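The block underneath contains the structure these notes are about, expressed in structure tokens.
Only the coordinates and a few stated rules stand behind these numbers; no lab work does. Just so it is clear, the structure is predicted and the values come from calculations on it, not from any experiment. Positions of Cβ are generated from backbone atoms using ideal geometry, with glycine treated the same way; all protein chains shown enter the neighbour counts.
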Amino acid sequence: MRLGRRERPVVRGAGYERELRALLEGDPGTLARYARTLPPDDRKVVERLARTPFLVVRAAGSFGFDLVALRSEFSFPLEVKASRETTIRFSAASGRAHAQLAEHTRAVNRVGLVVVYAYRRIGGGKGDPWRVYVAEGPDGAGWRRIVRRRVPLVEATREGNGVLRWASGMPLVRFLDLLTSLAEPVRESAA
């Protein structure tokens, strides 16, 4: 069966999951490659990430999330998606991604976390190849409230299926800059 342009499945790529993990963990080689895709002003964010990396745990087998990022100020589960297309529709691939979104949303809302979706565009040209979104849920407090209000939501179709649109996502470097700005007052008060 030949798939049309709109029906192409999401690329499953453990390589992109590993790439994001290495970025968040502050791996020097991965950060250097990523920084080359960014304008010079954004490279400062990458330098700060190298100084204050995350502990990232692969969680696919146990929690249903791909990764969990941990740092003294933050913890959030991550779901990693990759595609050559500018839109990822969760209704594709038998709706598994939609069911997963609903399950993730229930799980994190119960414990007051924010689930982050990271979309890696394959062959998308210049600039940041990553976009970030959050799943819908209650605002919560502190950093969670700020993240929920500033980071774009996973969109929903009229039928209620999730959609990631490349153009509406927040570049990963902006997300990291937001987290860094939220963490600096916490780090300063702890010093």
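Do any trypsin sites (Lys or Arg not before Pro) in the stretch 108-191 lie in a DSSP loop with no more than 14 other beta carbon atoms within 10 Å, and if so, which?
Of the trypsin sites (Lys or Arg not before Pro), the ones in loops of the stretch 108-191 whose Cβ has at most 14 other Cβ atoms within 10 Å are Lys126, Arg158.
Counting Lys +1, Arg +1, Asp -1, Glu -1, what net charge surrounds Val56 among other residues with beta carbon under 13 Å of its beta carbon?
Residues close to Val56 contribute a combined charge of -1.
Taking a ≥ b ≥ c as the square roots of the eigenvalues of the Cα gyration tensor of the stretch 21-167, is the shape rounded (a/c under 1.5), prolate (a/b larger than b/c) or oblate?
It comes out oblate by the Cα gyration axes.
May I ask you to derive the relative contact order of the stretch 10-184, considering only C-alpha pairs under 8 Å and at least 6 residues apart, and to give it as an integer percent?
20
With a sphere of radius 13 Å drawn around the Cβ of Arg36, what net charge do the other residues whose Cβ falls strictly inside it have (Lys, Arg +1; Asp, Glu -1)?
Local charge sum for Arg36: +1.
So between Ser168 and Arg149, what do we pick up on full extension, going 0.36 nm a residue minus the alpha carbon distance?
Fully extending the segment from Ser168 to Arg149 adds 5.4 nm.
Report the local net charge at Glu155: Lys and Arg +1, Asp and Glu -1, summed over other residues whose C-beta lies under 14 Å from its C-beta.
+3
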